[in-house]
Amino acid sequence: MDRPPLHLAEVVTQGLNLVLSRYSEKWKILRRAAQAILTPQASARHLPIQQAEIIQLVHDLLRSPESFYTHVQRYSNSVILSVLYGKRSPRFETPETVKFFKVEHEWTTLLETGATPPLDYFPFFKIYPRAMGEVETERLRRGEGNGSYVEELVEKQKELELDREMLGYLSGVLIETGSETTSSYLQSLILALVAYPEVQKKAHEEIDRVVGQHRMPRLGDLEHLPYVQAIALETHRFRPMTPYGIPHYTLATEEYKGYVIPKGSTIFINAWGIFHDPGKIAVSSIDFQLYDDPENFNPDRYLLTENGTKPGVDGSNLRPTFAFGAGRRICPGLHVAQHTINLSIMNLLWAFEFHKAVDPKGNPIEVDTMDYLSGLTAKPRSFKCRITPRSAEKAEIIELEFLNATAMLSKFEFDLCPEDQEYVAKLRGLAKSKV
Ligand code: HEM
């Protein structure tokens, strides 16, 4: 329930960063507030904007597939900005998005072991959420609310015992945790799809059978798409977002299977080790191997057993949500995240084929599924691939659906800068000329 002491985060955020804060009264209030707004029911209320945003992602990929890496980042950031603040980012260059990625990079660099902590150099949690919060408050004053999470937090501020500072930090940390995690997950998914064409083939067959050629998938289709669900789980297993979890810290001396863990011990949830269980452990004659051929991206394992473990092995200690952590610090954003992930997998695979890129001589450029950036979360380094629509008919449907999504997207297009306004108008004009 506790996190290990992290002096930098304590000093800079005064213990108000929900992810890193120690077990304290402040953490309890922040956690309660996050849970109060991120319920499965609340996440379902935000589905229409998530559905509209995935249509823009698919449309972006149709238009300029070579920029897939940043399209995915824009999409994840826009989904989370929309559900939290009711204001979306139509472009990767949207000022809020640019600011987010710049400050996020500075923050994660500072958190890396060995970084010098220049504490004044730290605008994110103070300036960014406050600026966004002011935009939100101004809109509420104009009577233009659209049901965002921050609106709900402001309404329930007293009931949730949040002061202004806590409100700012909470909104900031939710953007941070919600944006990068989802985009890195989707980049890992695309990397795996490029490397494993046979997985795509199976998914295409399933989606074509259930959804067909003439409409884009909706979340309601998911229950009829077991292989797509298996891909979602296998991506978490293959490249877990936090390979060593976010460390926990014992509040008291604990005993586990005869081992004594003293009070004040840092505990890593070794998600990588568990998901990539190497087989026989040298000091023991017991075969602990949980997964068959764990280095292989093979969603079928989740059709064989609930947790993807080798048939006959006891995987009952695992849960399908294990990639989201465990215990009282488990990720409170998992319902929002799962909706984004499921909508993305269905729609990306309905619309596209993901291939290796080719060099000027026509030879395929191999992808390296282990080429990841360093840091707390697992983000693949930018890579090349070729993304092509599966049919001309699907390309037309995407243009049409993109136009139809205008009504929903524009509800979240408040106070866009002139460049953004010009951009959305141009994009919609182009789509109109194609249908
Ligand atoms: C692919 C998507 C995501 C993954 C894989 C993920 C994974 C995780 C993991 C592993 C933890 C640490 C849990 C632990 O300590 O045991 C965590 C914590 C957290 N996540 Fe997520 N997350 C995702 C998306 C989100 C989203 C969309 C939000 C917010 C809307 C969010 C908000 C948080 C917060 C606030 C915490 C800290 C909770 C605490 O320490 O009390 N996450 N997440």
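The values are calculated or read from the model by the stated rules, or taken from the named source; none is laboratory data. Keep in mind that this is a model prediction, so the values were computed, not measured. Because the Cβ atoms are built from the backbone with ideal geometry, glycine has one as well, and the counts that use them run over all protein chains shown.
The table below lists the values:
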quantity	calculated
Selected residue (criterion: surrounded by the most Cβ atoms within 10 Å (Cβ to Cβ)) from residues of segment 1-50 that are closer than 30 Å to residue 427 by Cα and more than 13 Å from the ligand (Cβ to nearest atom)	49
Selected residue (criterion: surrounded by the fewest Cβ atoms within 10 Å (Cβ to Cβ)) from residues of segment 51-86 that are charged (D, E, K, R) and within 16 Å of the ligand (Cβ to nearest atom)	74
Residues satisfying the stated conditions in segment 315-333, i.e. in a helix (DSSP H, G or I), under 20 Å from residue 183 (Cα atoms) and touching a residue at least 40 places away in the same chain (Cβ under 8 Å)	322, 323
Failed item in (1) within 16 Å of the ligand (Cβ to nearest atom); (2) modelled with pLDDT of 85 or more; (3) under 23 Å from the mean Cα position of the chain (by Cα), with residue 160 passing the rest	(3)
All helices (runs of 4 or more DSSP H) inside segment 140-259 with 2 or more residues being touching a Pro at 6+ places or on another chain (Cβ under 7 Å) and within 23 Å of residue 397 (Cβ to Cβ)	226-238
Filter pass, residue 236 being crowded, with 21+ Cβ neighbours inside 10 Å, over 26 Å from residue 355 (Cα atoms) and within 16 Å of the ligand (Cβ to nearest atom)	no
In segment 1-25, the residues that are within 11 Å of residue 169 (Cα to Cα) and of a type in the set (Lys, Arg)	none
So residue 324, is it more than 19 Å from the chain's Cα centre (by Cα), under 24 Å from residue 222 (Cα atoms) and not basic (Lys, Arg)	no
3 or more residues modelled with pLDDT of 90 or more: qualifying helices (runs of 4 or more DSSP H) within segment 28-109	47-63, 68-85
Residues (within 16 Å of the ligand (Cβ to nearest atom) and not polar (S, T, N, Q)) located in segment 262-275	267, 268, 269, 271, 272, 273, 274, 275
Candidates 313, 336, filtered to the one that is more than 16 Å from the ligand (Cβ to nearest atom) and among the hydrophobic types (A, V, I, L, M, F, W, C)	313
Filtered residues of segment 87-96 (kept if surrounded by fewer than 24 Cβ atoms within 10 Å (Cβ to Cβ) and either closer than 14 Å to residue 150 by Cβ or within 16 Å of the ligand (Cβ to nearest atom) (or both))	87, 96
Of the criteria (1) closer than 30 Å to residue 85 by Cβ; (2) surrounded by 17 or more Cβ atoms within 10 Å (Cβ to Cβ), which one residue 369 fails	(1)
Sole residue being modelled with pLDDT of 95 or more, over 20 Å from the mean Cα position of the chain (by Cα) and either surrounded by 13 or more Cβ atoms within 10 Å (Cβ to Cβ) or among the aromatic types (Phe, Trp, Tyr) (or both), chosen from 307, 298	298
